[in-house]
Every structure is written in C-alpha cells, then in structure tokens.
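Scroll down for the structure; my scribbles are underneath it.
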Amino acid sequence: MAETVSDVGGRVRVSSASAAETGRLASHLAGVAEAGDVIALRGDLGAGKTQFAKGFARGLGVSAVVNSPSFTLMAEYSGRLPLFHLDLYRLGGAADALAGGLLDERQAAGVTLIEWAERLDGPVGGADLEVRFEGVGDEIRQIELHARTERGARCLARMRAAMPGEDQP
Ligand SMILES: Nc1ncnc2c1ncn2[C@@H]1O[C@H](COP(=O)(O)OP(=O)(O)O)[C@@H](O)[C@H]1O
Ligand SMILES: [Mg+2]
C-alpha cells in the first residue's frame, strides 16, 4: 500500500510508486464513497488521473473497462453506486457554457469523478474532494486528497479509518 506521509485536518497525503498503488488508493476511497460525492482529479497529463479512475471503478465493483472518456465528456458505469466519469481535457472556452449541462439529477444517485475539473468554474468545480497528483513518467507520485466540503471531510475520515497500516491521528 502506498505510504502515508502526513495528514492534517481535511487532507491525506500519500506517495505512490506505481499505477497499481494509485489504483489501490482509489479503490479504498471508492469503498467509502457515498451517493452524491463529487471528486475532482487534478494533475498534469500522464500524472495518473485515469489510473485512479480505473482503481476507483474497481472499488465500486464496476466490471466494465474504464478508459478516458475524452470523446464523450462523460461515461457512466454501474457498480455498487453508479459511477460518472468525466474528462474535460478537450473543453476550451466553451467550458462554462457547457458546465450547466454536464451534471444532472442522476448524479445525485452516484459518484462523479472529474478529470480536468479546473477547466470549469461553478458547480462542477465545486467538488467535495480534490485529488491532486504530482509527478509524471517514472517519478513517484505525490497524491493529496483535500476535502472541500463537509461531505468531503466525512468521506476522508471514513477513508482514513479504512486504510490499513496508517497512523491514526
Ligand atoms: N504511481 C503511479 N500512479 C499512476 N500512474 C503511474 C504511476 N507510475 C507510473 N504511472 C503511469 O503513468 C501513466 C498515467 O496515465 P493516466 O492515468 O492516463 O494519466 P492522466 O489521466 O492523469 O493523464 C500510466 O501510463 C501509468 O502506468
Ligand atoms: Mg486521463
């Protein structure tokens, strides 16, 4: 399991040495996610956002293969909860105009993962949890989970409790 470096308040910082470790971290988070949670994945191209999404889907019990939904903006999968996976990489100046149409009432019943959420302001940008990835290529990834709302803080607290081998605060 990835090594936890520190966690302060509404933050969990983890280092990950492989895509598999990143996937396991995401799978733990998926295990404690609740309907309505919105999670923004931030980081450079190749940082590991889609690897995280794949692990998250596995943790939700999604059997379908999760890939980048770049050409559809959003893909929906069924698992313990519905998973909505968005990748806004190709959104340009039209992002704000599109924002209102990307999230709809169905998403209250599932968990939403958004790659490149920083391309939007407004409701989509207002995620409950932000997951920041630093490092690309062969580098060790530093992954920081940051609670942005009370809902996000509760989710992080459940995740800390579920992660094995971690010092409890
Ligand atoms: N610790 C790590 N975590 C995630 N991916 C990693 C890690 N180390 C190497 N990789 C590799 O980096 C790439 C990440 O790609 P991807 O998840 O598609 O990035 P993004 O969606 O952020 O653009 C994959 O080829 C993966 O195998
Ligand atoms: Mg991606």
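Along the stretch 13-21 the Karplus relation, 6.51 cos²θ - 1.76 cosθ + 1.60 evaluated at θ = phi - 60°, assigns HN-Hα couplings of 10, 9, 9, 10, 9, 7, 4, 5, 5 Hz to successive residues, with x for each Gly and Pro. Loop only by DSSP, 11 or fewer other Cβ within 10 Å of the Cβ. Give me the chymotrypsin sites (Phe, Trp or Tyr not before Pro) in the stretch 33-91 that pass, ordered by residue number. Of the chymotrypsin sites (Phe, Trp or Tyr not before Pro), the ones in loops of the stretch 33-91 whose Cβ has at most 11 other Cβ atoms within 10 Å are Phe71. The phi torsions of the stretch 38-46, fed into the Karplus equation with coefficients 6.51, -1.76 and 1.60 and a -60° offset, translate into couplings of 10, 10, 9, 10, 10, x, 5, 4, x Hz, rounded to whole numbers, with Gly and Pro shown as x.
Taking amide H atoms as placed 1.01 Å from N in the peptide plane, the amide H of Gly43 lies under 5 Å from those of Trp116, Phe133, each 5 or more residues away in sequence or on another chain.
Bear in mind that the values in this text are calculations on the coordinates, not laboratory data. Keep in mind it's a predicted model, so treat the numbers as computed, not measured. With ideal geometry, Cβ positions are generated from the backbone for all residues, glycine too; neighbour counts draw on all protein chains shown.
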